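Engineer: I have a structure I would like to understand better, so I am pasting it below and will then ask my questions one at a time.
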Amino acid sequence: MTQTAPSEKALVPFVSVDNMMRLIHRIGIEEMLRGLAEYIEADFKRWHLFDKTPRVASHSAEGVIELMPTSDGEVYGFKYVNGHPKNTADGLQTVTAFGLLADVASGYPVLLSEMTMLTAMRTAATSAVVARLLAPRASTVMAMIGNGAQSEFQTLAMKAICGLEEVRLFDIDAEATRKCAANLAGLGVTVTECSSAEEAILGAQIITTCTADKQYATILTDNMIGSGVHINAIGGDCPGKTELAPAILHRAEIFVEYPEQTRIEGEIQQLADDHPVTEIWQVLTGKAEGRRAEEQITLFDSVGFAIEDFSALRYVRDQLDRTGLYDALDMLADPDDPRDLFGMLQRSRPS
């Protein structure tokens with residue numbers, strides 16, 4: 001077989017899980033969360049440039065598989081992601097993901113990356129960007145309801161970006177709470193393990209819900225929520241999956257990423273299609289107000305949107321030259337004559 005080394009045109013940078021973890025530690029977890037937040041905020045401020053569409057979802061009884069595409073006209077990006085709540089019983093992740101960036105002018109991929117770890121980072125960074133806009137002034141305590149894979153990232157993002165000092169943990173699985181508390185030990189946040197959601201909420205200005213069951217659920221009841229709090233609801237992310245009592249939604253000022261997607265997947269699927277919501281990009285650009293009064297209840301009905309993944313991939317790509325934490329994958333055919341793909345094949349046949 002005639003073998004030739006792939007040309008530079010054939011190689012695409014690939015960030016593996018191992019290299020993503022090395023990258024996070026090279027930069028520093030909190031520093032990278034701040035960097036991701038800056039990229040997400042910058043891209044939301046140029047919202048009008050992006051293609052926007054609800055993610056393409058394939059639902060099954062076990063979970064959902066989704067594609068999340070967008071483009072700013074110069075770079076195209078997409079993420080593949082699944083959500084399978086029962087996976088943990090088999091020792092598997094509930095969520096896995098990978099993503100790609102491509103040059104719009106040529107259509108050639110310019111980055112392929114794992115996004116299981118990166119999605120956790122970007123989700124936390126997005127939550128903190130929004131909390132910085134909407135939470136009461138000098139918020140220092142967060143209740144973290146649901147202590148699974150996202151909980152530590154959410155806590156550290158709120159610490160790095162919003163100045164969080166204490167997190168109050170609750171999960172119906174006490175082992176999950178112990179896991180989260182152990183992981184956060186020594187990272188600069190006071191951790192309090194609680195025996196109920198009601199106990200966790202005591203004294204918290206920010207309330208984050210992140211549970212995994214794919215069903216209508218009431219994690220927070222109306223009587224649990226007093227005035228002057230910010231709710232960061234990130235668990236509801238597909239049709240038929242919610243965490244908040246409808247009465248809370250009617251008392252809160254609701255902020256979303258992209259209404260056309262959130263009305264299908266978020267907490268507001270419980271409300272009328274014309275229920276008023278404010279888009280986060282409008283607050284970031286000054287076109288709409290965020291929190292208007294200390295006693296107000298604000299709710300970020302977060303389902304995750306493709307532009308956040310685009311921002312995260314863009315951030316990672318910008319770190320590769322200085323860190324070298326990637327592999328070059330031979331992904332693209334590069335024949336000597338672009339019209340002679342068959343000739344390239346024939347030159348590699350066994351002799």
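Bear in mind these aren't lab numbers, they're just calculated from the coordinates by the rules spelled out. What you see is a predicted model, and the numbers here were worked out from it, not measured in a lab. Positions of Cβ are generated from backbone atoms using ideal geometry, with glycine treated the same way; all protein chains shown enter the neighbour counts.
Engineer: Note the angle between two axes, namely the Cα long axis of helix 29-44 and the longest principal axis of the Cα atoms of the chain, as a number of degrees from 0 to 90, rounded to the nearest 10.
Structural biologist: Rounded to the nearest ten degrees, it is 80.
Engineer: What FRET efficiency comes out for S196 versus A10 if R0 is 56 angstrom and r is the Cβ-Cβ distance? Round to the nearest 0.05.
Structural biologist: With R0 = 56 Å, the Cβ-Cβ based efficiency is 0.50.
Engineer: Please list 204-211, 44-51 highest first by mean number of surrounding beta-carbon atoms within 10 Å per residue.
Structural biologist: So the order, starting with the most tightly packed, is 204-211, 44-51.
Engineer: Round to the nearest 0.05 the FRET efficiency obtained for E289 and S58 when R0 = 45 Å and r is the Cβ-Cβ distance.
Structural biologist: 0.75
Engineer: I would also like to ask the following. Counting helices only, and only those DSSP H runs with n ≥ 4, report the 222 nm mean residue ellipticity of the chain as the sum of -39,500 (n - 2.57) divided by its residues, in deg cm²/dmol to the nearest 500.
Structural biologist: So the calculated ellipticity at 222 nm is -10000 deg cm²/dmol.
Engineer: OK, next. Considering only DSSP beta bridges with both partners in the chain, what is the antiparallel share in %, to the nearest 5?
Structural biologist: DSSP beta bridges in the chain are roughly 45 percent antiparallel.
Engineer: Let me see the P(r) profile for region 207-351: every Cα-Cα distance counted, bins of 5 Å, each bin given as a percent of all pairs.
Structural biologist: Over region 207-351, the share of Cα pairs per 5 Å bin runs 2, 8, 14, 15, 13, 8, 7, 7, 5, 6, 5, 4, 3, 2, 0, 0 percent.
Engineer: Rg and Dmax of region 7-139, Cα atoms, in Å?
Structural biologist: When restricted to Cα atoms, region 7-139 yields Rg and Dmax of 16.6, 55 Å.
Engineer: Let me ask another. Sort out for me the Cα centre separation of region 10-71 from region 184-255, rounded to whole Å.
Structural biologist: Their Cα centres are 24 Å away from one another.
Engineer: Cα extents of region 124-305 along the three principal axes, largest first, in whole Å?
Structural biologist: Each principal axis gives a Cα extent; for region 124-305 these are 44, 34, 29 Å.
Engineer: For a test of understanding, tell me how many lysine pairs in the chain have Cα atoms under 24 Å apart, given they are 8 or more places apart or on different chains.
Structural biologist: Value for the chain: 15.
Engineer: So how tilted is helix 174-184 from the main axis of the chain? Cα-based, degrees 0 to 90, rounded to 10.
Structural biologist: Result, in degrees: 70.
Engineer: Report the relative contact order of region 124-305, percent, no decimals, based on alpha-carbon pairs under 8 angstrom and at least 6 residues apart.
Structural biologist: That works out to 22 percent.
Engineer: Now a separate question. For the chain, set up a Gaussian network in which alpha carbons nearer than 10 Å are linked by springs, and say which option among A131, A143, A174 fluctuates the most.
Structural biologist: Sorting by GNM fluctuation, first place goes to A174.
Engineer: Something else: Before anything else, pin down the relative contact order of the chain: Cα pairs under 8 Å, at least 6 apart, normalised by residue count, whole percent.
Structural biologist: Rounded, it is 22 percent for the chain.
Engineer: Given springs between every Cα pair under 10 Å in a Gaussian network model of the chain, which of R322, R339, R26 has the largest fluctuation?
Structural biologist: R339
Engineer: Related question: Where the convex hull is taken over the Cα atoms of the chain, what is its projected area averaged over directions, in nm²?
Structural biologist: 19.6
Engineer: Based on the mean of other Cβ atoms within 10 Å per residue, sort peptides 176-188, 325-337, 30-42 so the most packed one is first.
Structural biologist: 30-42, 176-188, 325-337
Engineer: Only sites in a loop by DSSP and with at most 16 other Cβ atoms within 10 Å count here; which trypsin sites (Lys or Arg not before Pro) in region 99-150 make the cut?
Structural biologist: R137
Engineer: What distance in nm separates the two pseudo spin-label positions at T218 and R339, each 7 Å out from Cα along the beta-carbon direction?
Structural biologist: 7.0
Engineer: Using 13 Å as the cut-off for backbone N distance, which residues of region 94-127 belong to the label zone defined by a point 7 Å from the Cα of I65 along Cα→Cβ?
Structural biologist: Taking a point 7 Å out along Cα→Cβ of I65, the residues of region 94-127 whose backbone N falls under 13 Å are 96-98.
Engineer: Between 0 and 90 degrees, rounded to the nearest ten: what's the tilt of helix 17-27 against the longest Cα principal axis of the chain?
Structural biologist: Approximately 60 degrees, to the nearest ten.
Engineer: Kindly identify region 183-232 as rounded, prolate or oblate by the Cα gyration tensor criterion: order the square roots of the eigenvalues as a ≥ b ≥ c, call it rounded if a/c is under 1.5, otherwise compare a/b with b/c, prolate if a/b is larger, else oblate.
Structural biologist: oblate
Engineer: Can you give me the Kirkwood hydrodynamic radius for region 210-265, using every pair of distinct Cα atoms, in Å to one decimal?
Structural biologist: For region 210-265, inverting the mean 1/r across all distinct Cα pairs yields 11.9 Å.
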